[in-house]
1. Whether any residue in segment 426-435 is open to solvent by less than 10 Å² (accessible area, probe 1.4 Å), part of a loop (DSSP other than H, G, I, E, B) and within 16 Å of the ligand (Cβ to nearest atom) is what I want to check.
2. Among the residues of segment 156-174, write down those that are under 15 Å from residue 215 (Cβ atoms), surrounded by 17 or more Cβ atoms within 10 Å (Cβ to Cβ) and touching a Pro at 6+ places or on another chain (Cβ under 7 Å).
3. Looking at residue 238 and the list (1) open to solvent by 10 Å² or more (accessible area, probe 1.4 Å); (2) away from the ligand (no atom under 15 Å from the Cβ); (3) of a type in the set (A, V, I, L, M, F, W, C), which single condition is not satisfied?
4. Could you please find all residues in segment 186-213 being within 26 Å of residue 492 (Cβ to Cβ), open to solvent by 30 Å² or more (accessible area, probe 1.4 Å) and in contact with a Gly (Cβ under 6 Å, 6 or more places away or on another chain)?
5. Give all pairs with beta carbons closer than 7 Å in which a residue from segment 500-524 that is within 25 Å of residue 488 (Cβ to Cβ) meets a residue that is outside any loop (DSSP other than H, G, I, E, B) and of a type in the set (S, T, N, Q); count only pairs at least 6 apart in sequence or on separate chains.
6. Mind checking which residues of segment 40-77 are more than 18 Å from the chain's Cα centre (by Cα), within 16 Å of the ligand (Cβ to nearest atom) and either among the hydroxyl-bearing types (Ser, Thr, Tyr) or not assigned by TED's automatic domain parsing to the domain that holds residue 493 (or both)?
7. Do you know which residues across segment 303-352 are open to solvent by less than 30 Å² (accessible area, probe 1.4 Å), of a type outside the set (Val, Ile, Thr) and in a loop (DSSP other than H, G, I, E, B)?
8. Somewhere in segment 389-406, is a residue within 14 Å of the ligand (Cβ to nearest atom) and closer than 22 Å to residue 90 by Cβ?
Amino acid sequence: MMRGFTASRSAGDDGSGEHEPPGQDRRAVPHPPHGGMPDTSHLARLPRVAVIGGGIAGVAAATCLAERGVGVTVLEAQGRLGGRVGGWRTTLADGSDVGMNRGFHAFFRQYYNLRALLRRADPDLSGLTALPDYPLLHSAGYRDTFAGLPRTPPWNAFAFVARSPTFNWRDLPRLGTRAALPLAQVSVPEIYERLDHLDADTLLSRIRFPAAAKHLAFEVFSRSFFAEPTELSAAELATMFHIYFLGSSEGLLFDVAANSFPEALWNPLAEYLVDHGATLLTDTPVRALERGSDRRFAVRSDSTAALEAGFPEFDAVVLATDTAGLRSIVANSPDLGTSRWRTRIAELREAPPFLVSRLWLDRPVRRDRPGFLGTSGYGPLDNISVLERYEHEAARWSGERGGSVLELHGYALPGEPSLDSLRARMLAELARIYPETEVAGIVDERHELRADCPLFPPGGFAERPGVRTPDPALMLAGDLVRVDLPVALMERAATSGMRAANELLHGWGVRGHTLWSVPDRGRFALLRGLRR
Ligand SMILES: Cc1cc2nc3c(=O)[nH]c(=O)nc-3n(C[C@H](O)[C@H](O)[C@H](O)COP(=O)(O)OP(=O)(O)OC[C@H]3O[C@@H](n4cnc5c(N)ncnc54)[C@H](O)[C@@H]3O)c2cc1C
């Protein structure tokens, strides 16, 4: 895909209210940008920026820059936008043309910046749909749910605990309240100073949660961030607990994409970007950055799309790739940054591999199976989605063929897993949980065994690179980047991309974009006092 230039720009069209909280939580916090001119029209020469990587972070940066009149080129290695939230078409054995995605994603209501990005092209967020609930199931028979909980902390936590079969009020006096207090009082980045040296498992052991509650609530949580609790920074776990539970009153329920990711998310955003004058170059892996002769950067890529575009030079670059892409571009670009910064990039690591398996079955699963089920104690299987419950295209296929479309995820897989043995194990666990699948025929299946999510190990925070780099014309963005706000995963990707754009706009004297986050400290004055 190569798209041309059209120019219809207007500053301030980001649709994000500057002062109105973007969700239901009146305590959501605005992070206003630097002030400045409304756009770049006061500058003698139009600044040009290369955004390398077309996932959420890259698209967020490109959007915020293009809206202010910056000349943006997005260079994406793959044939599509979206990165880890990407999708493509595939033809099944029965001849159906269907969408396949990189995997189920939960779009939480506290993802303010991501939702503001999506709203640019889809003001009503019609590409998303609410999931009414998602049970968590432990192999010992425990089941927790989230529907009907109050939204506001601490009542959400009390109600969850009161209802949970994994938690008993008799457990309460046993809790290590001293160790638990930081979970209720998260402030970023201070929480990293307090807890980053610990792993999440050690923190949970010190808190002495009942074993079943620990498995169900926290291991499911930690593994959904692609690491075992022993491999994950306790500060990262505490931050997530704050974002999703104790720090926000948006609730724990979430939305999902109502269609394949390209249709629901990326095609509308690509169109929006092109309308704002951006150029999108896919199938364009960037190899290196060099010093330009006319502008600061020359971008090196061997792709034909890049060569055909007769590559201009750029005043600034946003590196919004995944961990491997960032390591490789920096390693191939000896002039970038300082040696300390380069070492920090070289030492970034990926989380262990994970598997996303999609199955098109010739008969439906039981009608009461939920759209999403989190699991614990079922070997490598971490969750099961029934796509026809929420995705238009899967519902159509299921209606026409009388079957079901399921997705199975397995995270934090040890060693170098073999697809064949993993597949067999996942199917066996699926049959334990949904026995009706044992007799179902598999019309077709697709598997994505990858290892491209960043690892947040204990002790890693201090050396994690931030959005700014030693070069004011070079920014980093992505969920791997340190952002000193309570944001994670997709929301960290979106927030870091917007921050990268704001930093560059500030350098040109142009007004940036307001960001939002859940409160960046604990909500309860009493607990704050106790902790001190
Ligand atoms: C299976 C799965 C489930 C997930 N579920 C959730 C969830 O429920 N909720 C949630 O919040 N998050 C979830 N995540 C995490 C979420 O997908 C990521 O946090 C987010 O997509 C990261 O976006 P990004 O832009 O930082 O990186 P990416 O999406 O990885 O984008 C980086 C882009 O850079 C490109 N690139 C790399 N190297 C180069 C190069 N040399 N030149 C040009 N381009 C390059 C890549 O092709 C890619 O498109 C999930 C992730 C996975 C894999």
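The values are calculated or read from the model by the stated rules, or taken from the named source; none is laboratory data. Because the structure is a prediction, the values reported are computed rather than measured. We place every Cβ from the backbone using ideal geometry, glycine too, and count neighbours over all the protein chains shown. For the accessible areas, the whole protein counts, side chains as well, though only heavy atoms, and no ligand, DNA or RNA atoms are used. Shrake-Rupley method; radii C 1.70, N 1.55, O 1.52, S 1.80 Å.
1. No; the residues of segment 426-435 include none that is open to solvent by less than 10 Å² (accessible area, probe 1.4 Å), part of a loop (DSSP other than H, G, I, E, B) and within 16 Å of the ligand (Cβ to nearest atom).
2. The answer is 166, 167.
3. (1) is the only condition that residue 238 fails.
4. 197
5. From segment 500-524, the pairs are 512/502; 513/502; 515/113; 515/495; 516/113.
6. Answer for segment 40-77, where residues must be more than 18 Å from the chain's Cα centre (by Cα), within 16 Å of the ligand (Cβ to nearest atom) and either among the hydroxyl-bearing types (Ser, Thr, Tyr) or not assigned by TED's automatic domain parsing to the domain that holds residue 493 (or both): just 73.
7. Of everything in segment 303-352, those that are open to solvent by less than 30 Å² (accessible area, probe 1.4 Å), of a type outside the set (Val, Ile, Thr) and in a loop (DSSP other than H, G, I, E, B) turn out to be 303, 320, 333, 336, 348, 351.
8. Within segment 389-406 (the criterion being within 14 Å of the ligand (Cβ to nearest atom) and closer than 22 Å to residue 90 by Cβ), the answer is yes, since at least one residue qualifies.
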